[in-house]
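Here the structure comes first, spelled out in structure tokens, and everything after it is commentary.
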Amino acid sequence: MNFMTTPALNSRRHFLKASLLGGATAISVPWSVPQILAAESETASARHAGRVALTAGNDRAELAFRGLKAFERSIAAAIGNKRVIIKPNNVAIDNQLAASHAQNLEGILEFLKSIGKRDAAIAESAANGPTLDGFANYGYDKVAKKYGAKLLDLDQDGFEIVHCFDETDFRPHPCRMSKVLLDPNNFIISAAKFKTHDQIVATLSLKNIIVGAPIKDTGFRWGPGARPGAKNDKPVVHGGGFRGINYNLYALASRLHPHVSVIDGFEGMEGEGPTRGTPVDHRVCVVSQDWLAADRVAVELMGIDFAKLGYLNYCRQTRMGEADLAKIEIVGPVLKDHVKSYKLARNIDEQLIWMRPAKG
């Protein structure tokens with residue numbers, strides 16, 4: 001039976017039932033996944049470089065769960081005794097289309113439960129306001145309670161100074177970065193989304209980690225209600241322009257990257273992303289232990305020319321992962337059958353300045 005073409009009967013009901021009845025180390029998988037499991041490497045600790053799971057269907061949580069099952073043994077081995085940190089994308093605390101959906105987190109947590117990991121944390125430093133307010137707005141608190149997960153505000157959990165480049169003065173600038181995301185003893189899952197972007201063309205699993213890492217002071221928010229003097233270090237990573245942000249994303253990727261990418265394309269965003277775009281009904285999910293391969297496949301699914309993404313091409317050039325689509329093994333349906341052409345931001349021509357030599 002091909003799980004990609006045969007829908008599970010009442011899959012949402014089965015998923016919820018499995019959530020309640022799952023054992024401490026494994027559950028009876030509520031969906032048919034033999035094709036994915038057959039592709040699993042016998043070496044549990046393998047990184048699965050260049051292997052990506054693509055799932056498609058009508059249940060957001062199920063798509064994440066099925067994709068993760070493609071790497072069940074190797075993910076379990078890679079986690080070991082590490083603390084699992086699920087990093088959603090909450091660039092806004094009051095715009096669901098711009099933020100990771102609770103159902104996507106549910107699929108990830110259900111998978112972690114199936115491999116015996118019940119002590120995960122959902123952690124974020126939201127861009128435009130109090131992080132925990134966003135968690136409540138999106139229903140993360142309910143999902144966390146259901147699975148016994150912790151909710152972490154990265155702004156309150158300590159920081160380390162990391163320096164970022166600024167193209168306006170060609171100097172390094174200090175930036176307060178989350179200790180949680182920098183800690184090598186943490187296993188980071190990027191619960192990202194398919195979104196176009198007004199500075200780097202598209203934002204996916206890598207950027208979700210790097211731009212989520214800079215912290216802000218208590219009381220900072222954009223607009224009314226901000227505490228006077230409260231600072232936000234996220235603009236430092238943006239590097240003063242299109243060249244700066246692309247370089248910083250590349251330069252920071254060696255320290256700040258996901259160990260597993262779960263990119264939710266159930267409902268993507270096109271146009272003026274990452275917060276002012278419009279929805280795309282896409283109903284796919286991309287999962288990989290190779291974050292560059294995951295982002296590469298997501299870019300293809302969005303119908304975007306990969307050559308336009310500066311930071312990912314820099315990462316490809318320095319071999320941080322597999323970005324050659326011909327060398328990426330896709331487990332699941334045929335990629336071309338699920339491609340949709342996302343509209344890019346209106347300023348796309350300005351964004352592509354990174355492709356041209358800087359003036360002397």
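The values are calculated or read from the model by the stated rules, or taken from the named source; none is laboratory data. Treat the numbers as computed from the prediction; the structure is a model and nothing was measured. Counting neighbours? That spans all protein chains shown, and the Cβs are built from the backbone with ideal geometry, glycine included.
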All-but-one check, Phe65 against (1) assigned to a helix (DSSP H, G or I); (2) free of Cβ contacts under 8 Å to residues at least 40 places away in the same chain, failing number (2)
Find all pairs meeting these conditions: Cβ atoms under 7 angstrom apart; at least six residues apart or on different chains; first residue within region 309-331 and under 27 Å from Ala56 (Cβ atoms); second residue part of a strand (DSSP E or B) and not hydrophobic (A, V, I, L, M, F, W, C). Glu329/Arg51; Val331/Arg51
Only one of Val211, Val201, Val180, Val237 is among the β-branched types (Val, Ile, Thr), farther than 30 Å from Arg356 by Cβ and within 18 Å of the chain's Cα centre (by Cα); which? Val180
Regarding region 305-313, can at least one residue be identified that is closer than 26 Å to Gly239 by Cα, more than 19 Å from the chain's Cα centre (by Cα) and of a type in the set (Lys, Arg)? yes
Kindly indicate the residue of region 36-48 that is touching a helix residue (DSSP H, G or I) at 6+ places or on another chain (Cβ under 7 Å) and of a type in the set (A, V, I, L, M) and also modelled with the highest pLDDT among those meeting that condition. Ala46
Check region 126-149 and report whether any residue there is modelled with pLDDT under 95, within 27 Å of Asn81 (Cα to Cα) and not hydrophobic (A, V, I, L, M, F, W, C). no
Can you tell me which of (1) of a type outside the set (Asp, Glu); (2) in contact with a Lys or Arg (Cβ under 8 Å, 6 or more places away or on another chain); (3) within 23 Å of Ala78 (Cα to Cα) is the one Val162 doesn't meet? (3)
Restricting to region 132-149, and then to whatever is aliphatic (A, V, I, L, M) and out of contact with any strand residue (DSSP E or B) (no Cβ under 6 Å at 6 or more places or on another chain), can you tell me which residue is surrounded by the fewest Cβ atoms within 10 Å (Cβ to Cβ)? Ala136
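For the structure I just gave you, tell me whether Gly129 is surrounded by fewer than 19 Cβ atoms within 10 Å (Cβ to Cβ), of a type in the set (Gly, Ala, Ser), part of a loop (DSSP other than H, G, I, E, B) and over 19 Å from the mean Cα position of the chain (by Cα).
Working: surrounded by fewer than 19 Cβ atoms within 10 Å (Cβ to Cβ): no; of a type in the set (Gly, Ala, Ser): yes; part of a loop (DSSP other than H, G, I, E, B): yes; over 19 Å from the mean Cα position of the chain (by Cα): yes.
For Gly129, the condition - surrounded by fewer than 19 Cβ atoms within 10 Å (Cβ to Cβ), of a type in the set (Gly, Ala, Ser), part of a loop (DSSP other than H, G, I, E, B) and over 19 Å from the mean Cα position of the chain (by Cα) - is not met.
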Yes/no for Ala78 being hydrophobic (A, V, I, L, M, F, W, C) and more than 29 Å from Lys231 (Cα to Cα): yes
Top-ranked residue of region 336-352 - restricted to ones that are farther than 26 Å from Ala326 by Cβ and charged (D, E, K, R), ranked as surrounded by the fewest Cβ atoms within 10 Å (Cβ to Cβ): Asp349
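A quick yes/no check of all residues on (1) surrounded by fewer than 23 Cβ atoms within 10 Å (Cβ to Cβ); (2) in contact with a helix residue (DSSP H, G or I) (Cβ under 7 Å, 6 or more places away or on another chain); (3) farther than 26 Å from Ile79 by Cβ:
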{"position": "Gly271", "(1), (2), (3)": "yes, no, yes"}
{"position": "Ser288", "(1), (2), (3)": "no, yes, no"}
{"position": "Ala298", "(1), (2), (3)": "no, no, no"}
{"position": "Thr318", "(1), (2), (3)": "yes, no, yes"}
Say whether the condition of being under 24 Å from Gly265 (Cα atoms), more than 17 Å from the chain's Cα centre (by Cα) and touching a residue at least 12 places away in the same chain (Cβ under 8 Å) is met by at least one residue in region 183-192. no
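For region 66-121, name all the residues that are of a type in the set (S, T, N, Q) and either more than 18 Å from the chain's Cα centre (by Cα) or within 22 Å of Pro184 (Cβ to Cβ) (or both).
We begin by selecting, within region 66-121, every residue of a type in the set (S, T, N, Q); these are 74, 81, 89-90, 95-96, 100, 103-104, 114.
Answer for region 66-121, where residues must be of a type in the set (S, T, N, Q) and either more than 18 Å from the chain's Cα centre (by Cα) or within 22 Å of Pro184 (Cβ to Cβ) (or both): Ser74, Asn81, Ser114.
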Out of all the residues in region 133-142, is one or more of a type in the set (Gly, Ala, Ser), in contact with a Ser or Thr (Cβ under 8 Å, 6 or more places away or on another chain) and touching a residue at least 40 places away in the same chain (Cβ under 8 Å)? no
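Here is a yes/no grid of residues against (1) in a loop (DSSP other than H, G, I, E, B); (2) of a type outside the set (Val, Ile, Thr); (3) more than 24 Å from Leu105 (Cβ to Cβ):
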{"site": "Val287", "(1), (2), (3)": "no, no, no"}
{"site": "Val299", "(1), (2), (3)": "no, no, no"}
{"site": "Tyr311", "(1), (2), (3)": "no, yes, yes"}
{"site": "Lys336", "(1), (2), (3)": "no, yes, yes"}
{"site": "Tyr342", "(1), (2), (3)": "yes, yes, no"}
Of all the residues that make up region 160-211, how many are closer than 23 Å to Phe306 by Cβ and in contact with a strand residue (DSSP E or B) (Cβ under 6 Å, 6 or more places away or on another chain)? 14
With respect to the numbered conditions (1) surrounded by fewer than 17 Cβ atoms within 10 Å (Cβ to Cβ); (2) polar (S, T, N, Q); (3) within 29 Å of Ser341 (Cα to Cα), which one is the sole condition not fulfilled by Asn208? (1)
Evaluate the following for Asp281: is it assigned to a helix (DSSP H, G or I) and either closer than 14 Å to Asp264 by Cα or out of contact with any strand residue (DSSP E or B) (no Cβ under 9 Å at 6 or more places or on another chain) (or both)? no
